[in-house]
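Colleague: Just dropping this structure here.
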Amino acid sequence: MADNFVPILLITLTIALIVILFIVISYILTRVRSLEAMQSEAESTPAGEGSKSKTGGGLSGFRGKAIWDALENPGKHPGVIEQLSSRYAFVLARHIEQVIDQGQLDRQRNREAVPESDAAVGGLRGEVHSWLPPSYVQRFYRIGSQSVTVPGEDLPELRAEVHGLVDEILHRLHITDQGRGIGQLVTSHTLDFSSQARGEEYDASVSEDDEVPSDQGNL
């Protein structure tokens, strides 16, 4: 009886060891594949992009450059484009203001550090991950920097440049109607505010290009 029990016990222990070994090997292989996938993803992601993608929330399911791309090609997302357009106009204005503000601040500190295209912008429902093409970021930043030291009589030229860039962006994104007036909003919050802080006075509502002629002003 005892002689028959020993082989059965050995067989049972062998099977148990094989099952345990199989489980351990399967776990190790799963972990290795997971680590390889994470490493591959990290190598394919440009430096800094991972941190930027976590900055700010989204609008209608879009974040960062995806918002810009969707608005530039509204036909690809007809179901949400109207809501996205109306909500992004405010975010766009705030993003531009942030870039100009940074240019002004850096000029006051005698340094130059053009912001990145991505930014967390305060929205009506919290921060939004917004994106602007580098060319626009550089131009708005330069305007902000110049506005700190430009003579008061030359400030309308910078204001006109801001309005022109804003109109260009609104046209590209097909949100001209939704963004009506944000050019004036941006300059009043940045260039005009900076001018008033320096104690300069000028009519922010009238530019050199649309001044009322003297003969009509007396009517």
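Colleague: Taking the criterion of being in contact with a Leu (Cβ under 7 Å, 6 or more places away or on another chain) and not acidic (Asp, Glu), would at least one residue in region 102-114 satisfy it?
Modeller: No; the residues of region 102-114 include none that is in contact with a Leu (Cβ under 7 Å, 6 or more places away or on another chain) and not acidic (Asp, Glu).
Colleague: Additional query: Quick one: which of Ala120, Ala70 is within 18 Å of the chain's Cα centre (by Cα), in the same structural domain as Val148 (by TED's automatic domain parsing) and in a strand (DSSP E or B)?
Modeller: Values: Ala70 fails: in a strand (DSSP E or B).
Among Ala120, Ala70, only Ala120 is within 18 Å of the chain's Cα centre (by Cα), in the same structural domain as Val148 (by TED's automatic domain parsing) and in a strand (DSSP E or B).
Colleague: Determine if region 74-82 includes at least one residue that is among the basic types (Lys, Arg), at pLDDT 85 or above and assigned to a helix (DSSP H, G or I). Don't jump to the end; show me each part of the working.
Modeller: Within region 74-82, the subset among the basic types (Lys, Arg) is 76.
Still in the running and at pLDDT 85 or above: 76.
Still in the list and also assigned to a helix (DSSP H, G or I): 76.
Yes, region 74-82 contains at least one residue that is among the basic types (Lys, Arg), at pLDDT 85 or above and assigned to a helix (DSSP H, G or I).
Colleague: Based on this model, can you work out whether Asp106 counts as in contact (Cβ under 8 Å) with a residue 12 or more places away in the chain and farther than 21 Å from Phe62 by Cβ?
Modeller: Taking the combined requirement at face value, the residue satisfies it.
Colleague: Restricting to region 57-79, and then to whatever is touching a helix residue (DSSP H, G or I) at 6+ places or on another chain (Cβ under 8 Å) and aliphatic (A, V, I, L, M), can you tell me which residue is nearest to Asp167 (Cα to Cα)?
Modeller: Residue satisfying both the conditions and the ranking: Leu71.
Colleague: Moving on. Give me the pairs, please: first residue somewhere in region 164-190 and surrounded by 15 or more Cβ atoms within 10 Å (Cβ to Cβ), second residue anywhere and assigned to a loop (DSSP other than H, G, I, E, B), beta-carbon distance under 6 Å, and either six or more positions apart or on two chains.
Modeller: Hits for this filter: Leu170/Thr176; Leu170/Gly179.
Colleague: Restricting to region 151-207, count the residues that are assigned to a loop (DSSP other than H, G, I, E, B) and at pLDDT 90 or above.
Modeller: Residues flagged as assigned to a loop (DSSP other than H, G, I, E, B) and at pLDDT 90 or above within region 151-207 amount to 10.
The values are calculated or read from the model by the stated rules, or taken from the named source; none is laboratory data. Since this is a predicted model, take the numbers as computed values, not measurements. Neighbour counts are summed over all protein chains in view; Cβ atoms, including those assigned to glycine, are modelled from backbone coordinates with ideal geometry.
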